[in-house]
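Report on the following structure.
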């Protein structure tokens, strides 16, 4: 009787209170040592009545009489602890003991075989169709249509014993949850615990609310336990394998009995268990890392990247403003890419230039582009050309015109930028031969005119189509006494 005391204590208060005015049964059995009155509290899925002891809950009896469709028998006890059974499928009431004998189970022993079942809650004949008022039984599985868990299939066909009929079970051969088979917990067969959240530390929790059982990782004892819900002092079996995220199956490691189940064995299976210690996925979908699992079932990612970043240097041009000042960002001088993502930039400052650097080409050796794995890109060289503004120059005259001697002078072209045509003016101290030439920034000649200039102001009109290109161009005036250069932009 020790098992009955342990399990029945978990069930107190779970069953509905008896309904007044319902039919009653009087039960007397030597095993229970008292006469019990039970009231009908409703019907089961097969349309048969369920009876519950009408004694107050504090009496710790709460005995039931109910029909077990699998055993095709009426039973006396509580689910998991049956004391008497009558091999009959009478409906909707159980047979009286005068009609069908109620035999004691191994929990009571042969010495306690006597049992009397009588009262208006019993019947002496087979009875009618128990499903007549519950929609019938179209699939002939003994479960009425109104209560059918799997219409069209046999609700009693459940080889994995998880309570889900085969016809509606996506895993018909593997229990959907944590299935434990132990005489200590239920001598009539396996008990299923279903997923009920997790412990917040990567491990799942499984529970059976009817039997008030849970399978949970205990952080204090560092083991998996099957125990009364919320009660670490009432443990039935345990397993020390620190599996993640589910408790281990018997195949992974044998479960051991606690003192309440001393000498008992337990078989644990189901989708809520695992055959290995760490059943975790560490695939981060990153080809640049090797994924592994450590002894504590944590994911460990190690870089496998050996490919160098690709560094490409650029050529930039900076134009001074009307104050004779310009600037550029060193990050605009290169691009860098890497097969595995982020790269540390080798530069990053804002650099200022002025009239002292007009016409100069600055060179930068770009080095130190390193990716997260420490691979450094091959260095390259970037250039920056500094040019004066396109409008009136703010720089000293010798940055626009180089005077050898005399008063010959090259003036800025207008309009600038050039859209359709532009005029280049110049002044001569005396009449003479003049050469006017236009070049691109690489020094290639684009336009040339030799002429005789007059003393004073002269002008040369140039049409855009004569140049044939767009961009920044330079023009040079050469006389007997002067060489002068200016710049224009052609749209």
| field | Matching residues, segment 439-463, being in contact (Cβ under 8 Å) with a residue 40 or more places away in the chain and under 26 Å from residue 386 (Cβ atoms) | value | 441, 462
| If we only count strands (runs of 3 or more DSSP E) wholly inside segment 340-418, which ones have 2 or more residues that are at pLDDT 75 or above? | 350-354, 361-366, 380-387
| task | Tell me, please, whether a residue that is over 27 Å from residue 62 (Cβ atoms), touching a helix residue (DSSP H, G or I) at 6+ places or on another chain (Cβ under 6 Å) and in contact (Cβ under 8 Å) with a residue 12 or more places away in the chain can be found in segment 161-181. | result | yes
| field | All positions within segment 190-231 that are closer than 21 Å to residue 262 by Cβ and exposed (fewer than 13 other Cβ atoms within 10 Å of the Cβ) | value | 221, 231
| query | Would you say residue 146 is surrounded by 13 or more Cβ atoms within 10 Å (Cβ to Cβ), free of Cβ contacts under 8 Å to residues at least 60 places away in the same chain and closer than 18 Å to residue 42 by Cβ? | reply | yes
| query | How many residues does segment 441-475 hold that are out of contact with any helix residue (DSSP H, G or I) (no Cβ under 8 Å at 6 or more places or on another chain) and crowded, with 16+ Cβ neighbours inside 10 Å? | reply | 8
| query | Of all residues in segment 288-306, how many are surrounded by fewer than 13 Cβ atoms within 10 Å (Cβ to Cβ) and either part of a strand (DSSP E or B) or touching a residue at least 24 places away in the same chain (Cβ under 8 Å) (or both)? | reply | 6
| Of (1) surrounded by fewer than 18 Cβ atoms within 10 Å (Cβ to Cβ); (2) closer than 19 Å to residue 23 by Cβ, residue 91 satisfies all except one. Which? | (1)
| remark: Note on segment 219-245: residues part of a loop (DSSP other than H, G, I, E, B), within 29 Å of the chain's Cα centre (by Cα) and under 15 Å from residue 206 (Cβ atoms) are 243, 245
| field | Those residues of segment 307-338 which are under 35 Å from the mean Cα position of the chain (by Cα), assigned to a loop (DSSP other than H, G, I, E, B) and surrounded by 15 or more Cβ atoms within 10 Å (Cβ to Cβ), in sequence order | value | 308, 309, 338
| message | So, in segment 119-130, exactly how many residues are modelled with pLDDT of 90 or more and surrounded by 15 or more Cβ atoms within 10 Å (Cβ to Cβ)? | response | 4
| remark: Here, strands (runs of 3 or more DSSP E) confined to segment 59-175 with at least 2 residues that are closer than 16 Å to residue 188 by Cβ are 64-68, 73-78, 81-86
| request: Search segment 246-273 for residues being in contact with a strand residue (DSSP E or B) (Cβ under 8 Å, 6 or more places away or on another chain) and part of a helix (DSSP H, G or I), and hand back the single one that is surrounded by the fewest Cβ atoms within 10 Å (Cβ to Cβ). | output: 260
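The values are calculated or read from the model by the stated rules, or taken from the named source; none is laboratory data. Note that the structure is predicted; figures quoted are calculated from it, not measured. Note: ideal-geometry Cβ built from the backbone for every residue, glycine included; neighbour counts use all protein chains shown.
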